[in-house]
Amino acid sequence: MNGLLILIPVALSLGLAGLAAFFWSLRDGQFEDLDGAAMRILIDDDEKERPAP
Amino acid sequence: MNVEALRSDWTRGASSTRFAVPDMHCAGCIAKIERMLPQSPGISAARVNFSARTVMVSHAPHLAEPDLIRAFDAIGFEAQPLHGAAAAQRNIALQRLLRALAVAGFAAMNVMLLSVSVWSGANGSSRSLFHWLSALIALPAVAYAGRPFFESAARALKAGTTNMDVPISIGVILATAMSLFETMTGGRHAWFDGALMLLAFLLAGRVLDEMMRGRAASGAEALVRRTAPGALVLAEDGTSRWMAADDLAVGDRLLVAAGERLAADGVVETGRSRFDLSLLTGESAPVTLAPGAAAMAGTLNLDGPVTLRVTAVGEARAIAEIARLMESATQAKSRFVRLADRAARLYAPAVHSLAALSFAGWMIAGAGWHQSLLIAVAVLLITCPCALGLAVPVAQVVVCGAMMRAGLLVKDGSALERLAEADEVLFDKTGTLTLGRPQPVDLPALGEEEARIARGLAMASRHPLAVALRQALGGADVGPATLTDVEDIAGEGIYARFEGRPVAMRRPTSKETDRAGQEDAMAVALDFGRGPVHVIHFADALRPDAAEAIAALSKLGLPGAIMSGDRMEAVAAMSGRLGMAGEGGMRPAEKLARLESLIAAGRHPLMVGDGLNDGPALATAHVSMAPASASDVGQQAADIVFLGDSLAGVPRAVRAARATMAVVRQNFVLAIGYNVLAVPLAIAGQVTPLVAAIAMSTSSLIVIANSMRLRWAAR
């Protein structure tokens, strides 16, 4: 029973943290372009630094 | 000039425009657009939205759409401007629902964990603790996540009507209140999980529905905005001054320079110039107007200065007349009642009376108010339309995703319902059955050097024929030649020097045009300084698979007809070629009247058109489609916009819409079937929170799974 008193608040606060993270990402526009995000990871953004082939 | 000052000037006055760029396929395309576009002058940033295949361009306010399209063209992408597509306040409503959904989902999951412990045998003080914890989570969550329903229900009750949200609100509030009472008195069953799960499922349906809601964009407003804000008025004494469009009066003489749009209807008095009527007719070929010819507000003067005697201003202008027609047509269309709403009208009273009857029945049977109320709550929770609320939006969202991948942008969920009912299709000719832009009909075989010179010349001009030639000359594999002394003589052509010798892309002389009686505006002569002069004729080509698309449509039970503003002969030739009836010389009001009489006769016409003159018809028709190359008015008035040159999207959209409605009907059967099974149990008092949780989630999941079959519907 004592374990529950710790575990339940822990579980709830973890869930709340997830909810807060979702709100933040929604406000930040992270869901605007889901397919694009998957594509953008493939873009090299340091083309100038790359040694010439 | 100070660079900093220039930059701050840009950001202050920066405007942004959204473009559809259907040709984006990979990460490379995103990188190319976002890096290369800002390198052209005036463009400060470009941001790709790959899911929607759109690009948001921030640019200096003086850049017009054609300039931006040219910038896209220079890096090898075809772009079409999208108007009024970004609706900010819709986004706010959607975000509000999403937040409510997140809260309801979070609370439902946590309460469900506690409930599982109760169902698996927790009793005594631990059950009481779990119930209290559930109440602690559920009460604020219901208060927050239930607001969209409570507000809508309150509005309905205030207006003396009832809607789907009334039984939902009563059910949720009663269930929460009863559970709180049970918790306080140490009862066995609490319904917090059921109430929250109900909210979560319903909100999921609402979120999807909100995504599909039509944007009530007023195409008419955009239309009038496209005319010039004012004009240069010539006074009797020869002086001229700028006057706002509202202050112009009939009889004023206006001086219209090349490149200016007309602010009022008028008659050309002096001068001779070609006018771009594409805003009004959607036709790309410029029309030459000589003294005595009538010109309309919104058209663009291409070549030289003319003076114009004003014949109509303000609301009397032809363009304002079209705007008025569209306004009234849009109002008529809003009377369409969506399938889900029709279902709700029947469903809500049934649910109310069922719950009230079971309460009364158990009271009469002597069960006591406590148990009777518990049973009534169970009935309300069980009948609450989780699966019913998901039946329509899930299917529509899935099919719209599939259609978007196939190049069909659906602007409104109810458009699919209306499209599935369509039983007749009416086409505009120019720009709809045809591409609406000149295509070279006899491109001569050019040597490599000649092709490079031609490309160089074509890139120096923004004349429609030059643009068409540039596109026809193909991809970037042939780079443009470096030309010197480039001179653009309005109405004549482009003259330049290549390695010292004169080259030109110009209007052909009467000797060079071998086809007698042809409009000289639709041909250019390429002079390479040596060798023969090439004359290239242009014509508006039929869309590549128009015939197949029309055959497919009539096989689907949608016989076609042409309804055009063009000359009768041109329409007759086209209708003979495509094997369908055609009518020419129709004015916008006549097209509208034709559609209205069809609708009055109980038909459901699908209108496919692009031009401004089709705007009222597109807005009136039962359902309408427009190509992405359409005028912005056409795009806004249409329910579905198809990308690309092919007409195959039209029959594909019809098939997808019919598949959607089939799945929606199956979903209704599944949802109602579940109720038929579960409601007797609830009335009999056999439904515990566990049974309710399982029944609700299973029926919702089945409906979602059935809708997922539509992922491949738009092929």
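Scanning the stretch B:429-439 for residues that are more than 17 Å from B:Leu643 (Cα to Cα) and part of a helix (DSSP H, G or I) yields one hit, B:Lys429. Has the stretch B:408-419 got at least one residue that is buried (at least 24 other Cβ atoms within 10 Å of the Cβ), touching a residue at least 12 places away in the same chain (Cβ under 8 Å), assigned to a helix (DSSP H, G or I) and more than 19 Å from the chain's Cα centre (by Cα)? Within the stretch B:408-419 (the criterion being buried (at least 24 other Cβ atoms within 10 Å of the Cβ), touching a residue at least 12 places away in the same chain (Cβ under 8 Å), assigned to a helix (DSSP H, G or I) and more than 19 Å from the chain's Cα centre (by Cα)), the answer is no, since none of the residues qualifies.
Report whether or not B:Leu426 is assigned to a strand (DSSP E or B), among the hydrophobic types (A, V, I, L, M, F, W, C) and either touching a Pro at 6+ places or on another chain (Cβ under 6 Å) or without any contact (Cβ under 8 Å) to a residue 24 or more places away in the chain (or both). Yes, satisfied. Answer yes or no as to whether B:Leu113 is of a type outside the set (Lys, Arg), part of a helix (DSSP H, G or I) and within 13 Å of chain A (Cβ to nearest Cβ). Criteria met by B:Leu113.
For the stretch B:373-413, the set of residues classified as in contact with a helix residue (DSSP H, G or I) (Cβ under 8 Å, 6 or more places away or on another chain) and not hydrophobic (A, V, I, L, M, F, W, C) consists of B:Thr383, B:Pro385, B:Gly389, B:Pro393, B:Gln396, B:Gly401, B:Gly407, B:Asp412, B:Gly413, listed by residue number. Residues in the stretch B:12-46 that are free of Cβ contacts under 8 Å to residues at least 24 places away in the same chain and more than 9 Å from every other protein chain (Cβ to nearest Cβ) were compared, and the one that is farthest from A:Arg40 (Cα to Cα) is B:Arg12. Within the stretch B:61-70, is there a residue that is basic (Lys, Arg), at pLDDT 80 or above and under 30 Å from B:Ser134 (Cα atoms)? No: the stretch B:61-70 contains no residue that is basic (Lys, Arg), at pLDDT 80 or above and under 30 Å from B:Ser134 (Cα atoms). Scanning the stretch A:26-41 for residues that are at the interface with chain B (Cβ under 7 Å from one of its Cβ atoms) and of a type outside the set (D, E, K, R), we see that the one that is nearest to the chain's Cα centre (by Cα) is A:Leu26.
Per the listing B:Leu196, B:Leu174, the residue uniquely surrounded by 24 or more Cβ atoms within 10 Å (Cβ to Cβ) and either of a type in the set (Lys, Arg) or within 27 Å of B:Ala93 (Cα to Cα) (or both) is B:Leu196. Within the stretch A:1-25, residues that are without any contact (Cβ under 8 Å) to a residue 12 or more places away in the chain and within 10 Å of another protein chain (Cβ to nearest Cβ) reach partners that are of a type in the set (S, T, N, Q) and part of a helix (DSSP H, G or I) with beta carbons closer than 6 Å, at six or more positions or on different chains, in the pairs A:Gly15/B:Asn110.
Checking the stated criteria, B:Ala705 turns out not to satisfy the condition of being small (Gly, Ala, Ser), buried (at least 17 other Cβ atoms within 10 Å of the Cβ) and in a helix (DSSP H, G or I).
Candidates B:Ala104, B:Ala122, B:Ala141, B:Ala135: the one that is hydrophobic (A, V, I, L, M, F, W, C), within 26 Å of B:Leu690 (Cα to Cα), within 14 Å of chain A (Cβ to nearest Cβ) and part of a loop (DSSP other than H, G, I, E, B) is B:Ala122. How many of the residues in the stretch B:282-302 are modelled with pLDDT of 75 or more and under 19 Å from B:Asp428 (Cβ atoms)? Of the residues in that region, 4 qualify. Among the residues making up the stretch B:286-320, a single one is buried (at least 16 other Cβ atoms within 10 Å of the Cβ), part of a helix (DSSP H, G or I) and out of contact with any helix residue (DSSP H, G or I) (no Cβ under 7 Å at 6 or more places or on another chain): B:Ala318.
Only residues that are under 25 Å from B:Leu114 (Cα atoms), among the β-branched types (Val, Ile, Thr) and part of a helix (DSSP H, G or I) were counted across the stretch B:678-702, and they come to 3. So is B:Ser126 over 26 Å from A:Leu7 (Cα atoms) and either surrounded by fewer than 22 Cβ atoms within 10 Å (Cβ to Cβ) or among the aromatic types (Phe, Trp, Tyr) (or both) or not? Judged against the criteria, B:Ser126 is not a match.
Say whether the condition of being outside any loop (DSSP other than H, G, I, E, B), modelled with pLDDT under 85 and of a type in the set (A, V, I, L, M) is met by at least one residue in the stretch B:175-183. No, there is no match, as no residue in the stretch B:175-183 is outside any loop (DSSP other than H, G, I, E, B), modelled with pLDDT under 85 and of a type in the set (A, V, I, L, M). Being modelled with pLDDT of 70 or more, part of a loop (DSSP other than H, G, I, E, B) and surrounded by fewer than 18 Cβ atoms within 10 Å (Cβ to Cβ) holds for only one residue in B:Gly76, B:Gly84, and it is B:Gly76. Residues in the stretch B:535-590 that are under 17 Å from B:Gly436 (Cβ atoms), under 28 Å from the mean Cα position of the chain (by Cα) and basic (Lys, Arg): B:Arg543 only.
The values are calculated or read from the model by the stated rules, or taken from the named source; none is laboratory data. Fair warning: this is a prediction, and the values are worked out from it, not measured in the lab. So basically every Cβ, Gly included, is an ideal-geometry build from the backbone, and we count neighbours across all protein chains shown.
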